[in-house]
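One structure is given here, and the rest of the page talks about it.
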Amino acid sequence: MMLFSPVGGNTPYEDLIKDSGFDTDVYVILPGYSHDGAALQDKADIVVNLVSEPDRGMDTIDASLELVDQLSLPIINHPSRIAVTNREEIARLLADVPAAVMPVTDLVKPADLIAAAEAGKLPAMPVIVRQSGFHGGERMELVSGEAELLGFAKDAGEHALYLTRYVDYSSADGHFRKYRFIFVNDEILPYHLAIGDVWKVHHASTRMAELEWMRQEEETFLNHPDQVFGERQMAALDEIRRRVGLDYFGIDCALDRHGNVVIFEVNATMLIHLHNEGFEYKNPHVYRIKRAFEAMLEARAKKN
């Protein structure tokens, strides 16, 4: 049974469960609605909580928590572990991970940011500013001046903002490389490498579809991640896995020129998909993640 909220952010699940060897029912979670756990107890062997975006409303996560507390079933991604994955809390949680760089991140109200400017207490520039609850580079900019930052704050209205210290993660060749791993139980599995010409890198907006060398580099990374992330870097990822404590989640990260893991984002809203036209070499790795997910469900269900 998968718990899904139509009013909050969820773990993308369509391709994760497609053609899998288990039956899935989706149960809709609504804040303010009284959910009857007793009526659901015999409907499933295991529960997967998909409600995973703290910035879209903790009331929905609280509703998911209220329901799972009524169930004596194994829970994947327990709602009690989701709140810590907002960007500010993750930055604090992972601030001292060895061999990693976790940029300081603060959640602020636009009005407070404007007041800070009037008091001459703005953060050091440059800084990445984004509206909370958005992903994929939407409503996010790198700003280097007061006027630019305040303009972003005024446009945000009442929407809370994250301010993140900018870390230059460009490679020696001038390109920017962003790696995504998916954590499934105790496994750390590569999902993709996006290579861009500018600091804001997202796979779909790069030139990877037209440049063969970029695709070859991604394929090599997927087949041999240990050639890029050595023992030191994998130990950092494993420490992140341990601290976050979720069963299924992802990380977007880079490597700086000292070999440290630069952490961008860690949460359970990471997308995996099988729509990889032109990048078919990615599919075996998506299926590997799917198999690991299915094996985790089976093992947890059998323990119950």
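The values are calculated or read from the model by the stated rules, or taken from the named source; none is laboratory data. As the structure is a computational prediction, the values presented were derived from the model and not from experiment. Reconstructed Cβ throughout: ideal geometry from the backbone, glycine too, with neighbour counts over all protein chains shown.
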>> Ser171 - would you say it is at pLDDT below 95 and polar (S, T, N, Q)?
In response: no
> Looking at region 253-274, which of its residues are touching a residue at least 60 places away in the same chain (Cβ under 8 Å), assigned to a loop (DSSP other than H, G, I, E, B) and not β-branched (Val, Ile, Thr)?
Replying inline: Asp256, Arg257, Gly259, Asn260, Ala268, Met270, Leu271, His273, Leu274
>> Condition first: over 15 Å from Gln131 (Cβ atoms), among the aliphatic types (A, V, I, L, M) and part of a strand (DSSP E or B). Now tell me which residues in region 148-206 satisfy that.
In response: Ile182, Val184, Ile188, Leu189, Leu193, Ala194, Ile195
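Any residue at all in region 138-157 that's acidic (Asp, Glu), under 20 Å from the mean Cα position of the chain (by Cα) and over 23 Å from Arg92 (Cα atoms)? Before you say what the answer is, go through the steps one by one.
Filtering region 138-157 down to residues acidic (Asp, Glu) leaves 138, 141, 146, 148, 155.
Still in the list and also under 20 Å from the mean Cα position of the chain (by Cα): 138, 141.
With the extra rule that they be over 23 Å from Arg92 (Cα atoms), the set shrinks to 138.
Yes.
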> Can you name every residue in region 186-233 that is among the small types (Gly, Ala, Ser), buried (at least 17 other Cβ atoms within 10 Å of the Cβ) and closer than 17 Å to Met270 by Cβ?
Replying inline: Ala194
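Do you know which residues across region 168-185 are over 22 Å from Asn283 (Cβ atoms) and buried (at least 18 other Cβ atoms within 10 Å of the Cβ)?
Residues of region 168-185 over 22 Å from Asn283 (Cβ atoms): 168-176.
Hits for region 168-185 are Tyr169, Phe176.
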> Being touching a Ser or Thr at 6+ places or on another chain (Cβ under 6 Å), under 21 Å from Ser80 (Cα atoms) and not β-branched (Val, Ile, Thr), is that true of even one residue in region 11-26?
Replying inline: no
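Please pick out the residue among Ala115, Ala91 that is surrounded by fewer than 16 Cβ atoms within 10 Å (Cβ to Cβ) and of a type in the set (A, V, I, L, M).
Details: Ala91 fails: surrounded by fewer than 16 Cβ atoms within 10 Å (Cβ to Cβ).
Exactly one residue qualifies, and that residue is Ala115.
Output the helices (runs of 4 or more DSSP H) that fall wholly within region 12-108 and possess 3 or more residues being of a type outside the set (Asp, Glu) and free of Cβ contacts under 8 Å to residues at least 12 places away in the same chain, or say none.
Values: elements: 14-17, 37-40, 58-68, 87-93.
Answer list for region 12-108: none.
For every residue, the table says whether it meets (1) over 17 Å from Phe249 (Cα atoms); (2) surrounded by 14 or more Cβ atoms within 10 Å (Cβ to Cβ); (3) of a type outside the set (Asp, Glu).
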| site | (1), (2), (3) |
| --- | --- |
| Leu16 | no, yes, yes |
| His35 | yes, yes, yes |
| Ala38 | yes, no, yes |
| Val48 | no, yes, yes |
| Thr85 | no, yes, yes |
| Ala95 | yes, yes, yes |
>> For region 234-253, give me each residue that is of a type in the set (A, V, I, L, M, F, W, C) and either at pLDDT below 95 or under 14 Å from the mean Cα position of the chain (by Cα) (or both).
In response: Leu237, Ile240, Val244, Leu246, Phe249, Ile251, Cys253
